[in-house]
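Taking it in order: structure first as structure tokens, then the write-up.
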Amino acid sequence: MTEGTNDYDCAFLADVLPEDRVSFDDSRREQFAMDASVHDPVLPDAVVWPTSTSQVSDVLSAAHERGVPVTPWSGGSGLEGGGIPVEGGIVLNVKEMAGVEVEPGNLQATVGPGIVYDDLNEELAKHGLRFPPGISSGDIATIGGMIATNASGFNAVKYGETRDHVRRLEVVLPDGDVIECGRGVVKTSSGYSLKDLFVGSEGTFGVVTEATIAVSGIPEHERAALVTFPSRNQACAAVADVIGAGLVPAAIEFMDTLTVELVNEYRDSATFTEQPTLILEFHANNSGIEEDVAFARGICEDHDAASWDAPGAGEMDAVWSARRDVLPAYRAHGEDLEPAMLGDVVVPISNYPEMVEAVATASEEFDVLTPCVGHAGDGNLHYAPLVPEDDDAARERASELHERVVETAIDLGGTATGEHGVGLGKRKFMRREHGGAVELMRTLKDAVDPAGTMNPGKVVPDRDDAVDED
């Protein structure tokens with residue numbers, strides 16, 4: 001574990017917050033030196049737990065005056081290092097700001113950034129509602145973190161990503177000023193959409209302290225299927241055709257054979273048949289769902305599906321539980337193996353089969369075991385090169401694989417990250433993906449945060465990091 005790039009004197013925090021809202025203890029600092037990513041931890045100089053917008057404002061204002069960096073933090077489930085305080089300074093944990101106010105008649109809720117995704121849905125369920133993007137780390141991830149990275153997951157193909165649900169934000173700017181962006185209505189054409197500037201900004205523009213989000217009714221009908229295929233190419237081609245045919249399933253998840261094997265190994269049970277597998281789920285409030293399911297089954301059979309199983313509701317809970325175990329299964333495989341990184345690319349749906357094949361080809365070429373899984377319905381693919389912990393050569397090959405895969409995704413018209421965010425790990429791909437628009441991003445960052453105190457070292461490359469992309 002390393003120290004921040006500077007040793008900041010944060011004693012002033014004792015005059016800004018109550019004593020029990022600040023910690024300088026080594027054990028506390030170590031707790032917030034990392035997130036769930038593979039990136040190296042860095043010790044902050046202090047950790048704070050504000051409980052209100054005014055307290056957040058006081059911390060940012062005081063830090064801004066002294067040039068002390070602040071890294072917002074909530075659930076710690078980030079996978080690209082966005083929550084690591086790379087320059088030290090203050091970690092600002094918003095977990096205590098977890099209020100929920102539901103407006104069933106308006107199909108919206110106003111929430112604090114610290115509310116955990118699953119806890120929010122438990123509260124919404126009392127009103128027959130839910131927040132639907134669906135994420136695998138829903139028992140840890142917070143709404144603030146989801147807004148910061150524009151997160152999504154299983155259900156994004158039908159319900160969209162976090163950005164699609166954000167109506168209004170309360171944000172504390174780097175100098176402590178508090179603003180509101182957006183309105184608690186379905187649509188507005190009034191002025192610049194500043195709320196969209198903050199969604200996905202990973203705390204580099206300020207701290208979200210309250211959000212009004214759109215929610216949905218719990219669907220009356222749900223149908224699901226487990227479908228296996230002789231090859232990954234046939235499974236992925238079926239996905240492309242299901243979406244291309246105009247069907248809008250609630251979820252289509254892809255797992256390659258290696259992922260299936262590792263999940264079965266981790267759970268010590270044959271949860272899945274060990275072939276390339278799709279998990280399909282459909283939601284509706286009318287009987288038309290049966291026609292959609294039949295249509296999807298026909299498409300899968302056209303691609304030589306080896307099996308089609310339709311589990312009941314109780315059985316599907318077990319299937320989704322197994323799907324959520326993918327990352328723990330990767331991490332548990334082999335005593336000395338660990339993911340070198342956790343890939344997260346998206347390509348146009350017609351290119352999904354090519355993207356999956358590109359990972360398989362790179363895995364063979366670089367001799368790195370690389371299981372794949374993905375929210376296939378929206379073109380999202382995750383991959384995890386597994387390497388021995390102390391094998392530097394294998395880690396270097398995994399890094400080369402990772403760069404090859406990300407560059408392939410961008411060249412196919414896709415993106416370096418679909419839901420994990422840019423953080424530390426994807427900054428080097430920003431210019432390849434966005435070209436000259438990166439300079440406008442840097443201009444915006446410098447305008448909103450001229451002192452550079454908000455989550456420094458994340459998202460936008462520094463101006464002197466420009467490279468020749470030809």
- [ ] Test each condition in (1) charged (D, E, K, R); (2) closer than 22 Å to Gly457 by Cα; (3) not in a loop (DSSP other than H, G, I, E, B) for Asp58 and report the one that comes out false.
- [x] (2)
Task: Among the candidates Arg163, Arg130, residue that is basic (Lys, Arg), touching a strand residue (DSSP E or B) at 6+ places or on another chain (Cβ under 7 Å) and either in contact (Cβ under 8 Å) with a residue 24 or more places away in the chain or not assigned by TED's automatic domain parsing to the domain that holds Asp317 (or both) - done: Arg130
- [ ] Kindly indicate whether any position in region 441-460 is surrounded by fewer than 19 Cβ atoms within 10 Å (Cβ to Cβ) and within 28 Å of Asn351 (Cβ to Cβ).
- [x] yes
Open item on the list: When you check Val185 against the structure, is it over 23 Å from Val248 (Cα atoms) and either in a loop (DSSP other than H, G, I, E, B) or under 13 Å from the mean Cα position of the chain (by Cα) (or both), yes or no?
Closed with: yes
TODO: Could you grab the pairs with beta carbons closer than 8 Å, sequence gap of 6+ or different chains, first residue in region 182-197 and under 12 Å from Val166 (Cβ atoms), second one in a helix (DSSP H, G or I) and modelled with pLDDT of 95 or more?
DONE: Gly182/Leu194; Gly182/Lys195; Gly184/Asn106; Asp196/Arg163; Leu197/Leu444
Task: For Ala313: the one exception among (1) out of contact with any Ser or Thr (no Cβ under 8 Å at 6 or more places or on another chain); (2) at pLDDT below 90; (3) hydrophobic (A, V, I, L, M, F, W, C); (4) closer than 25 Å to Pro371 by Cα - done: (4)
Open item on the list: Suppose we filter region 296-337 for residues that are in a helix (DSSP H, G or I) and not polar (S, T, N, Q); how many remain?
Closed with: 25
Task: Residues of region 95-140 satisfying the condition of being small (Gly, Ala, Ser) and in a loop (DSSP other than H, G, I, E, B) - done: Ala98, Gly99, Gly112, Gly114, Gly128, Gly134, Ser136, Ser137, Gly138
- [ ] Collect the residues in region 129-165 that are under 13 Å from Ala109 (Cβ atoms) and out of contact with any helix residue (DSSP H, G or I) (no Cβ under 6 Å at 6 or more places or on another chain), keeping them in residue-number order.
- [x] Leu129, Ile143, His165
Task: Selection status of Asp304, of a type outside the set (Phe, Trp, Tyr), surrounded by fewer than 16 Cβ atoms within 10 Å (Cβ to Cβ) and out of contact with any helix residue (DSSP H, G or I) (no Cβ under 9 Å at 6 or more places or on another chain) - done: no
TODO: Note down all Cβ pairs under 6 Å where the first residue falls in region 331-352 and is farther than 30 Å from Gly246 by Cα, the second is in a loop (DSSP other than H, G, I, E, B) and not charged (D, E, K, R), and they're at least six residues apart or on different chains.
DONE: Pro339/Ala384; Ala340/Pro385; Met341/Val38; Leu342/Leu79; Leu342/Ala384
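Quick grid of which residues meet (1) surrounded by 15 or more Cβ atoms within 10 Å (Cβ to Cβ); (2) outside any strand (DSSP E or B); (3) among the basic types (Lys, Arg):
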site: Ser201; (1), (2), (3): yes, yes, no
site: Ile213; (1), (2), (3): yes, no, no
site: Glu222; (1), (2), (3): no, no, no
site: Ala240; (1), (2), (3): yes, yes, no
site: Gly246; (1), (2), (3): no, yes, no
site: Glu253; (1), (2), (3): yes, no, no
site: Glu261; (1), (2), (3): yes, yes, no
site: Tyr266; (1), (2), (3): yes, yes, no
site: Ala294; (1), (2), (3): no, yes, no
Task: Close pairs from region 199-221: first on the phi < 0 side of the Ramachandran plot, partner of a type in the set (Asp, Glu) and surrounded by fewer than 24 Cβ atoms within 10 Å (Cβ to Cβ), Cβ under 6 Å, at least 6 apart - done: Thr209/Glu170; Glu210/Glu170
Open item on the list: As an exercise: evaluate Glu290 against (1) at pLDDT below 95; (2) surrounded by 15 or more Cβ atoms within 10 Å (Cβ to Cβ); (3) assigned to a helix (DSSP H, G or I) and give the number of the one condition it does not meet.
Closed with: (2)
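The values are calculated or read from the model by the stated rules, or taken from the named source; none is laboratory data. These numbers were taken from a predicted model, which means no experiment stands behind them. Don't worry about glycine lacking a Cβ; one is built from the backbone with ideal geometry, like all the others, and counts go over all protein chains shown.
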